[in-house]
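J.: Submitted below is the structure of interest, expressed as C-alpha cells.
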Amino acid sequence: MKIMQHIFIIGAKGLSFYGGYEQFLYKILQYHKDNEEIQYHIACKANGDGHTDIKKLEGASEVKDKRFHYCNADCFLISVPQRVGAAQAVFYDLAALKECCRYIKENQLKKAIVYILACRIGPWMGKYAKKIHSLGGRIFLNPDGHEWMRAKWPFPIKRYWKISEKLMVKQSDLIVCDSKNIEQYICRKYKKYNPKTTFIAYGAETSPSTLADDNPQYTAWMESHGLVSNMFYTMIGRCVPENNFETVIREFMHSGSERNLAIITTNNEQFLEKLDKKLHYSQDKRIKFVGTVYDQELLKKIRENAYGYFHGHSVGGTNPSLLEALGSTRLNLLFDVGFNREVAEDAALYWTKKEGMLSELINKADSFSNENVKHYGILAKKRILDHYSWDCIADLYSDLFCQKT
C-alpha cells in the first residue's frame, strides 16, 4: 500500500489567475486531481487583493471551519489585516505556515513537505524550520526571481528582501528554481550554505482558444477597443517600471508601424500619468491601454490574433506570460535578458533599452512575410511542447514530491 504524501503549499494568494504562482496552483491541482499518491493542502487568501473567490471555482465544496475542497485538495482560508501595506504578504505567509504546523502536528502526518513560494519570511524561518523538522517534515522553497531588484521597493525593503532570501535559502531542504539562470544565481550567491537545488519551470499550453474568430465575446472586445485581428501588437503585464513599458511605448511611437499597440495591464493611474507627461503617448492613437482580461479563453484568443507580443520583463525567472505568449502568439519580441533567452532561444526576436533598437526591430517585424511570421510561431510552440508543457511540468512535480527519501 502506497503512503499518501502530504504537500502544503503557501505563498500564493490562492486559486485564481491573479499571478504566476496562482496560475501554477490552479494548473497543478487540475493535473494532479486524480493522483492518489499526493494530498495537497493549499493556503488561500480570504480577503484583499487577489483573494480566492470560491464562487468562481467550479466544483469547490462549501466552506466549513475555514476549509474547503477543490480538485481533491484541502484548501484553508487565511485572513490578513488590511492596514499594514506591503507587510500583508508577510502576515499572510506566517499565518499560513503556523496553520501548516498545527495541522501536521494535530494529524500526526509523517514526512510532510511544506512548499513555500517566494522569499518573504526569512527572519522567521529558523524558528519554523526547527518546528517542521521536529515534526519529521521538510521545507521546499521556490525563490521566484530577483524581487529585491524591483523598482517599486524603497531601499529598506530591497535590503529586507535580500536578507530574507538569504535566510530562506539557508533554512530550506530543497530550492526549486523555475529558471536555470535563477538556479545558477542561488548556487553561486549562497555557495557557503551548499544549497540543494533542482529546476522545474512553469508550464503553458499550445491548444487553441475555444473561442472562434467570430465569437461575440471576442468581436465585441475587439470593436470596443478599435482593434482588428493581425493589425495590432500586444503587451501583457503589470504596469511597473521593471516591465519596461516606457521603452516599449517610446520605441513603438518612434516606429513607422501602422498597427496598434494594445496594452493589457492593471490600472496604475499614477504611473501612467507620469509616463504620459514624459512620452505624451496619449497623443498617439496607436497606443491603447485596454485594461485587464481575466477570461483565459478570451486572453488566449487575443494572443492568437495579435501580430506580435512585446515582453519587457527584466526581473524574475520563467515568466508565465512569456510561456503563454510562446504557446499562442506567432511573433514574440522579448527584452534581452538571460531568463527570457533561456525560455525562447531562437524562437523570438530580442531588444534592449538602447535608443532606436526596438523601433528598428518593429519596422523589421512589420515587413516580415507571412511565411516568416509562421516560422517563428512554429518554433515558439515547439519550445513549449518540448520543454514547458503542463503535462511535463506536472509529471516533474509528481516525481519530486513522491520520490523516496
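The values are calculated or read from the model by the stated rules, or taken from the named source; none is laboratory data. These numbers were taken from a predicted model, which means no experiment stands behind them. Cβ coordinates were reconstructed from backbone atoms using ideal geometry, including for glycine residues, and neighbour counts include every protein chain displayed. Areas reflect the complete protein model, heavy atoms only, side chains present, ligands, DNA and RNA absent. Shrake-Rupley method; radii C 1.70, N 1.55, O 1.52, S 1.80 Å.
J.: Report the net charge of residues surrounding Ser79, where surrounding means a beta-carbon distance below 15 angstrom and charges are Lys +1, Arg +1, Asp -1, Glu -1.
T.: +1
J.: Here is a follow-up. Placing +1 at every Lys and Arg Cβ and -1 at every Asp and Glu Cβ, with all other atoms neutral, what dipole size does the range 171-330 have around its Cα centre, in debye to the nearest 20?
T.: Charge dipole of the range 171-330: 780 debye, to the nearest 20.
J.: Same structure, new question: Ordering Cys177, Cys392 from largest to smallest accessible area (1.4 angstrom probe), what's the sequence?
T.: From most exposed to least exposed: Cys392, Cys177.
J.: OK, next. Might you tell me the accessible area per residue for the range 288-405, computed with a 1.4 Å probe and given in Å²?
T.: Roughly 41 Å² per residue, with all protein chains present.
J.: Continuing with this model, one more query. Using a ≥ b ≥ c from the Cα gyration tensor of the range 201-250 (square roots of the eigenvalues), is it rounded, prolate or oblate, where a/c under 1.5 gives rounded and otherwise the larger of a/b and b/c decides, a/b for prolate? Please report the intermediate quantities before stating the final value.
T.: Working: a/c = 2.71, a/b = 1.32, b/c = 2.05.
Judged from the Cα gyration tensor, the range 201-250 comes out oblate (a/c at least 1.5, b/c at or above a/b).
J.: Determine the distance separating the Cα centre of the range 164-240 from the Cα centre of the range 241-283; give it in Å without decimals.
T.: What the calculation gives is 22 Å, centre to centre.
J.: Here's something else I'd like to know. On average over all directions, what projected area in square nanometres does the range 41-191 have, based on the convex hull of its Cα atoms?
T.: 10.2
J.: Related question: If you stretched the chain out fully between Thr198 and Glu297, how much longer would it get, using 0.36 nm times the residue separation minus the C-alpha to C-alpha distance?
T.: Fully extending the segment from Thr198 to Glu297 adds 32.4 nm.
J.: I'd like the per residue volume of the convex hull spanned by the Cα atoms of the chain, given in cubic angstrom. Before the final figure, lay out the partial values.
T.: Values: hull volume 61.4 nm³, N = 405.
Taking only Cα atoms, the chain has a hull volume of 152 Å³ per residue.
J.: To the nearest 10 square angstrom, what accessible area does Trp390 show with a 1.4 Å probe?
T.: So the heavy atoms of Trp390 present about 20 Å² to solvent.
J.: For the range 46-120, with only Lys/Arg (+1) and Asp/Glu (-1) charged at the beta-carbon, what is the dipole magnitude about the Cα centre, in debye rounded to 20?
T.: Roughly 260 debye for the range 46-120.
J.: Can you check what the net charge comes to around Ala129, using other residues whose Cβ is under 10 Å from the Cβ of Ala129 (Lys, Arg +1; Asp, Glu -1)?
T.: +4
J.: Near the amide H of Leu261, under 5 Å away, which other amide H atoms are found, from residues 5 or more places off or on another chain, if H is placed in the peptide plane?
T.: Correct list: Tyr233, Ile287, Lys288.
J.: What order do Leu334, Leu77 take when sorted by accessible area (1.4 Å probe), most exposed first?
T.: The residues order as Leu77, Leu334, largest area first.
J.: So what is the orientation-averaged projected area of the range 174-308, using the convex hull of its C-alpha atoms, in nm²? It would help to have the intermediate numbers written out before the result.
T.: On the way: hull surface 44.0 nm².
Spelled out: convex hull of the Cα atoms, projected over all directions, averaged, 11.0 nm².
J.: Rounded to the nearest 500 deg cm²/dmol, what is the calculated helix-only ellipticity per residue at 222 nm for the chain, with -39500 (n - 2.57) per DSSP H run of length n ≥ 4?
T.: Estimated from H runs of four or more residues: -12500 deg cm²/dmol.
J.: On the accessible surface of the chain, probed at 1.4 Å, how many percent belong to carbon and sulfur atoms?
T.: 50
J.: While we're here: Would you check the accessible area of Met231, probe 1.4 Å, heavy atoms only, in square angstrom rounded to 10?
T.: 70
J.: Where the only charges are on Cβ atoms (+1 Lys, Arg; -1 Asp, Glu), what is the dipole of the range 242-286 about its Cα centre, to the nearest 20 debye?
T.: For this selection, approximately 120 debye.
J.: Continuing with the same structure: With a 1.4 Å probe and all protein chains kept in place, how do Arg188, Arg138, Arg330 rank by accessible area, largest first?
T.: Arg188, Arg330, Arg138
J.: Cross-link partners among aspartates and glutamates for Lys170, C-alpha distance below 16 Å, same-chain residues fewer than 8 apart left out?
T.: Asp144, Glu183
J.: Putting +1 on Lys and Arg Cβ atoms and -1 on Asp and Glu Cβ atoms, find which of Thr206, Thr352, Ser229 reaches farthest to the positive end of the dipole of the chain.
T.: Thr352
J.: Okay, next question. Among Lys158/Lys353; Lys33/Lys130; Lys45/Lys127, which pairs are too far apart, with a Cα-Cα distance over 25 Å?
T.: Lys33/Lys130
J.: At 1.4 Å probe size, with every protein chain present, just tell me what the per residue accessible area of the range 18-94 comes to in Å².
T.: Value for the range 18-94: 52 Å² per residue.
J.: Solvent-accessible area of Ser207, probe 1.4 Å, all protein chains present, reported in Å² to the nearest ten, please.
T.: Roughly 50 Å² of Ser207 is accessible to a 1.4 Å probe.
J.: Give, as a single signed number, the net charge of other residues whose beta carbon lies under 11 Å from the beta carbon of Val293, with Lys and Arg counted +1 and Asp and Glu -1.
T.: Net charge in that neighbourhood comes out at +1.
J.: Once Rh is set to the Kirkwood radius over Cα pairs, what Stokes-Einstein translational diffusion coefficient, in µm²/s, holds for the range 232-298 at a temperature of 25 °C and a viscosity of 0.890 mPa s?
T.: This corresponds to a translational diffusion coefficient of 199 µm²/s.
J.: So which GluC sites (Glu not before Pro) in the range 39-116 pass both tests, a DSSP loop state and at most 10 other Cβ atoms within 10 Å of the Cβ?
T.: Sites meeting the loop and neighbour criteria: Glu58, Glu62.
J.: Mind checking which lysines have their Cα closer than 18 Å to the Cα of Lys300? Skip sequence neighbours fewer than 8 apart in that chain.
T.: Lys27, Lys374, Lys381, Lys382
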